[in-house]
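Here the structure is laid out as structure tokens; the discussion comes afterwards.
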Amino acid sequence: MIGQRNHLTDNEELTTLDKLNMRDALNQYMKNKRMIDQLSKQATLTPRQTEILELEKWSIENIDMAFQMIEDEEVKRIIEHRYIKLGRHKDAVMYYRSIMSERTIDRRINAGIESMARTLKLWGVL
């Protein structure tokens, strides 16, 4: 494997649907993380609760790993502020407004979402 290119091939291009799915997963990130925390505290779980716990735990772990794979530190900070720390879009814009325009913030958010979606698609998760 070393020396071989391991990126998305032309027939595995990142689609708009991939990006939308990534955005949706990020929008649900904190809610799902809280659900994992609560279910993990329970002594006994129903079979459905156990299934949800394992699925969401797997999903959160993959999102966390894809987040860590973002190379641009500025993009990573904006994604963290916007999604990981449960900030609203408005809060992210207000926080970064003094150093960049709203359009630039939106481009950085889109770049982060694309980076994470590309990583998860490469791994076969998305």
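Please treat every number below as a calculation from the coordinates, not as lab data. Everything numeric here is computed off the predicted structure, so don't read it as measured data. When we count neighbours, we look across all protein chains shown, and the Cβ atoms used for this are built from the backbone with ideal geometry, even at glycine.
Each Cα pair under 8 Å and six or more residues apart adds its sequence gap; the mean of these over the residue count of the chain is a relative contact order of 36 percent. Per the Kirkwood formula applied to alpha carbons, the range 79-122 shows a radius of gyration over Rh ratio, Rg over Rh, of 1.02.
If R0 is 25 Å, what FRET efficiency do you get for LEU20 and ARG88 from their C-beta distance, rounded to 0.05?
Efficiency at R0 = 25 Å is approximately 0.85.
Loop-only chymotrypsin sites (Phe, Trp or Tyr not before Pro) in the range 72-126, please: DSSP not H, G, I, E or B, and at most 12 other Cβ atoms within 10 Å. The qualifying sites are TRP123.
Of the residues MET22, THR119, ILE109, the one whose Cα sits farthest towards the positive end of the charge dipole of the chain is ILE109 (charges of +1 on Lys and Arg Cβ, -1 on Asp and Glu Cβ, taken about the Cα centre). Computed from backbone phi, the HN-Hα couplings of the range 106-118 come to 4, 5, 5, 4, 4, 5, x, 4, 5, 4, 5, 5, 4 Hz, rounded to whole numbers (Karplus: 6.51 cos²θ - 1.76 cosθ + 1.60, θ = phi - 60°; Gly and Pro given as x).
Straightening the chain between GLU80 and MET30 buys 16.9 nm, computed as 0.36 nm per residue apart minus the Cα-Cα spacing.
One quarter of the convex hull surface built on the alpha carbon atoms of the chain amounts to 10.0 nm², the projected area averaged over directions. Taking label positions 7 Å along the Cα-Cβ direction at both GLU73 and ASP37, the computed distance is 2.8 nm, reported to one decimal.
Report note on the peptides 17-24, 33-40: ranked by the mean count of other C-beta atoms within 10 Å, highest first, their order is 17-24, 33-40. Only lysines eight or more places from LYS76 in sequence, or on another chain, were considered; those with a Cα closer than 25 Å are LYS19, LYS31, LYS33, LYS57, LYS85, LYS90, LYS121.
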